[in-house]
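Student: Input: one structure, supplied below.
The values are calculated or read from the model by the stated rules, or taken from the named source; none is laboratory data. Quick caveat, the model's predicted, so the values are computed rather than measured. Positions of Cβ are backbone-derived with ideal geometry, glycine not excepted, and every protein chain shown enters the neighbour counts. Ligands, DNA and RNA are excluded from the accessible area calculation, which covers all protein heavy atoms including side chains. Shrake-Rupley method; radii C 1.70, N 1.55, O 1.52, S 1.80 Å.
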Amino acid sequence: MQVEMIACTKDPELLIERAGRECYDSFDKLNPPESTKRIIEHLLKSGHTSVLEHASATFRVTEISRALSHQLVRHRIASYSQRSQRYVRETKPEFVKPSSINTAEREEAFGDAMRDAWHHYHTLLMLGVPAEDARFVLPNACHTSIVVTMNFRALRNFFSLRCSPHAQWEIRGMAFRMLALVKLEAPNVFIDFNEGLQGGLK
Ligand SMILES: Cc1cc2nc3c(=O)[nH]c(=O)nc-3n(C[C@H](O)[C@H](O)[C@H](O)COP(=O)(O)OP(=O)(O)OC[C@H]3O[C@@H](n4cnc5c(N)ncnc54)[C@H](O)[C@@H]3O)c2cc1C
């Protein structure tokens, strides 16, 4: 899995401070970085989190499974652009193998399933079946890539659900990588999320 941040609002925390101070007509208190930290703390504590929507980040995520991307796109407050299996033919058998595939027997069963799927996919293509139909035999493990943009309020919701120990391991790994990147841009907005917990990941 590769996660990169390809765009982020410039000076996102200052923007959030300016938007917040509009609400309270408190521009006289604008004195970054101290005032920025203070007002963001207040916004988070009071639940006035709509102000966070003014800032957003865009990530490019590659070498993830379709099982992950299916979970990701359930997060509706976001924008997505995903590699198409209709227009792009899957030339190589690239897939995510869970760490639970860890014995010779499991490896064999998993490997057979992957080989069969790709074999049948290519057979269908050779028989003239369009890629959009041949893809029906491809597995959830199949690699995909996606560009996702979320505003900071939606990102906080995403991290609360997907950095949790209840989240599935692959999306959790992605969420922690995204968290580490966005924390560099907006440490105060994500102060209550701890990327150090990633150590517990599979
Ligand atoms: C551990 C875990 C297990 C899950 N298991 C399943 C499962 O078995 N089956 C399944 O279908 N899904 C499952 N999900 C997905 C989950 O139900 C959510 O669809 C997903 O996490 C997106 O969350 P969200 O709706 O908060 O995010 P977003 O869609 O980004 O929405 C953000 C927030 O906007 C508000 N919102 C958005 N749309 C509406 C709306 N229509 N009405 C009211 N408020 C709205 C809500 O406050 C919401 O929290 C699981 C998620 C997790 C984390």
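Student: With a probe of 1.4 Å, find how much accessible area the chain has per residue, and write the answer as a whole number in Å².
Tutor: Numbers: 11390 Å² over 202 residues.
On a per-residue basis, 56 Å².
Student: Also, quick follow-up: Could you sort the peptides 130-140, 173-183, 47-57, 19-29 by per-residue average Cβ neighbour count (10 Å cutoff), highest mean leading?
Tutor: On the way: 130-140: 14.9, 173-183: 21.4, 47-57: 17.5, 19-29: 12.5.
Result, highest mean first: 173-183, 47-57, 130-140, 19-29.
Student: Mind listing the long-range amide H neighbours of Gln168? Cut-off is under 5 Å, sequence gap 5 or more, other chains count too, H placed in the peptide plane at 1.01 Å from N.
Tutor: Residues meeting the criterion, in which the H sits 1.01 Å from N, do not exist here.
Student: Straight-line reach only, C-alpha to C-alpha below 12 angstrom: list the aspartates and glutamates that Lys183 could link to, leaving out same-chain residues fewer than 8 apart.
Tutor: Answer for Lys183, where 12 Å is the Cα cut-off: Glu13, Asp192, Glu195, listed by chain and number.
Student: If one takes the longest principal axis of the Cα atoms in the chain, at what angle in degrees, from 0 to 90 and to the nearest 10, does the Cα axis of helix 104-126 lie?
Tutor: In the chain, helix 104-126 runs at an angle near 80 degrees to the longest axis.
Student: Across segment 1-112, how many lysine pairs, 8 or more apart or on two chains, come within less than 29 Å at their alpha-carbon atoms?
Tutor: Details: Lys10/Lys29; Lys10/Lys37; Lys10/Lys45; Lys29/Lys37; Lys29/Lys45; Lys37/Lys45.
Counting lysine pairs in segment 1-112 gives 6.
Student: Only Lys, Arg, Asp and Glu count, each charged at its Cβ (+1, +1, -1, -1), so figure out the dipole size of the chain about its Cα centre, rounded to 20 debye. Numbers along the way, then the final one.
Tutor: Values: 26 positive and 24 negative charges, 38 e Å.
Once rounded to the nearest 20, the dipole reads 180 debye.
Student: In whole percent, how big is the carbon plus sulfur part of the accessible area of the chain, probe 1.4 Å, protein atoms only? Could you put the intermediate results ahead of the total?
Tutor: Numbers: 5850 of 11390 Å².
Accessible surface attributable to carbon and sulfur in the chain totals 51 percent.
Student: Tell me, what is the percent relative contact order of the chain, built from C-alpha pairs under 8 Å that lie six or more residues apart?
Tutor: Working: 263 pairs, mean separation 61.8, N = 202.
With pairs under 8 Å counted, the relative contact order is 31 percent.
Student: With θ set to phi - 60° and the Karplus curve 6.51 cos²θ - 1.76 cosθ + 1.60, what are the ³J(HN,Hα) couplings of segment 183-190 in order, to the nearest whole Hz, using x for Gly and Pro?
Tutor: Values per residue, Gly and Pro as x: 5, 5, 8, 9, x, 6, 5, 10 Hz.
Student: Then there's this: Under a GNM of the chain (C-alpha, springs under 10 Å), which listed residue has the highest mean-square fluctuation: Arg76, Arg18, Arg172?
Tutor: Arg76
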